[in-house]
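Since every read-out is calculated from the coordinates, none of them should be taken as a lab result. Given the structure is predicted, the values throughout are model-derived calculations rather than measurements. Cβ sites come from the backbone with ideal geometry, for glycine too, and all protein chains shown count toward neighbours.
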Ligand SMILES: Nc1ncnc2c1ncn2[C@@H]1O[C@H](COP(=O)(O)OP(=O)(O)OP(=O)(O)O)[C@@H](O)[C@H]1O
């Protein structure tokens, strides 16, 4: 294993490399497709160029274990084919190594692939692998668990917790949308205390999202609009509408900011950047990391800069910014030298 400090640090796609073989970790129950047909297609595209060592996940042997075993066998390229759960588990084994990760998305949301511009069709994803372009991205940990995408506190976590396996099988992505509509009808605001560097920031919110990278459809992560996957920061979006109508308007606004790349200016949405942070809420809130509920607040999140080498199509990074003003019950306290004289607080505009 290579230390993360030895990994090349870059913001752009780089390096074209061809491989002789790859380990394919295949989740046969991911998404709603036909796994036999999917596998045949993958083999027909990749095998003429790449010797595939294929391993299936099962209830007993998960993607993390298979990835660990592939590393021990000396694999240089591991292809994760499944939903975000499979990709996350494989990526965790590869963090801070020099083994390359490729993704053939076959899940319900495929948020990680979409975030990095990896095609969500098998043909396109395989072509990315054959093209051999890699990008070094950052990853993160939330309460010690690997986090490629984001941690959602409150609204997002409740939404995902409600969209269970059987509703995802029946409805696909609609399961998440219906669950979100349900949640918006019953908004529950909570007090939040976010501690970063030498600052404590307190506010009320209905959702707090800490994102390494997120697709445009993860609207609660879109405060800064341009999430940069290969910097040293995590982007926090604070979602604080107080009525259902405002929440719908704010959600729609965030979707627009994601697609236009323009950061939000609404008073009920804030965003900031952290290298690491502790977030606590009153009352405690559910926390979801990369689509799986991991427990409740408090959480400690920390970026692991430049820690994963992944195969991607060409893409570009963009400069991020911060915005907190206008959030309800906002206070910011400086912890430098225990001197709180730099504190400020702000009442929301009605
Ligand atoms: N052979 C198998 N039989 C039953 N469950 C499996 C099998 N292989 C993996 N799993 C389970 O699949 C889950 C991971 O699913 P994954 O995220 O890849 O797909 P998904 O749930 O369809 O996608 P998404 O996360 O986008 O909804 C893990 O909980 C894992 O335990």
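In nm, give the distance between the simple-model label positions of residue 314 and residue 143, each being 7 Å from the Cα along the Cα-to-Cβ direction.
Those two pseudo-labels are separated by 4.3 nm.
Just subtract the alpha-carbon distance of residue 276 and residue 32 from 0.36 nm times their residue separation and send over the number in nm, one decimal.
The residue 276-residue 32 span can extend by a further 84.2 nm.
Assign one of three labels to the range 182-264, namely rounded, prolate or oblate, based on the Cα gyration tensor with a ≥ b ≥ c the square roots of its eigenvalues; rounded applies when a/c is under 1.5, prolate when it is not and a/b is larger than b/c, and oblate otherwise.
In terms of gyration-tensor shape, oblate.
By its C-alpha gyration tensor, with a ≥ b ≥ c as the square roots of the eigenvalues, how is the range 86-153 shaped: rounded for a/c under 1.5, else prolate for a/b larger than b/c, else oblate?
oblate
How high is the FRET efficiency from residue 51 to residue 72, r the C-beta distance, R0 22 Å, rounded to 0.05?
Taking R0 as 22 Å, the efficiency between residue 51 and residue 72 is 0.75.
What would the Debye formula give as log10 I(q)/I(0) at q = 0.16, 0.19 Å⁻¹ for the alpha-carbon point model of the range 216-331, no solvent?
Relative scattering, expressed as log10 I(q)/I(0), comes to -0.87, -1.21.
Under 18 Å from the 7 Å Cα→Cβ point of residue 58, by amide nitrogen: which residues of the range 20-34?
24-30, by backbone N distance to the label point.
Cα convex hull of the range 18-131: how many Å³ per residue?
It is 92 Å³ per residue.
Need the C-alpha centroid separation for the range 185-259 versus the range 24-92, integer Å.
Rounded to whole Å, the Cα centres lie 33 Å apart.
Tell me, what is the FRET efficiency for residue 43 and residue 334 to the nearest 0.05, using R0 = 56 angstrom and their Cβ-Cβ distance as r?
With R0 = 56 Å, the Cβ-Cβ based efficiency is 0.45.
Rank the residues 213, 301, 312 as a footprinting-exposure proxy: fewest other Cβ atoms within 10 Å of their Cβ go first.
312, 213, 301
Which of the peptides 145-155, 267-277, 232-242, 48-58 is most tightly packed, and how do the rest follow, going by the mean number of other Cβ atoms within 10 Å of each residue?
By packing density, highest mean first, the sequence is 145-155, 232-242, 267-277, 48-58.
Under the 0.36 nm per residue contour assumption, what length would be gained going from the current alpha-carbon distance of residue 255 and residue 120 to full extension?
46.6 nm
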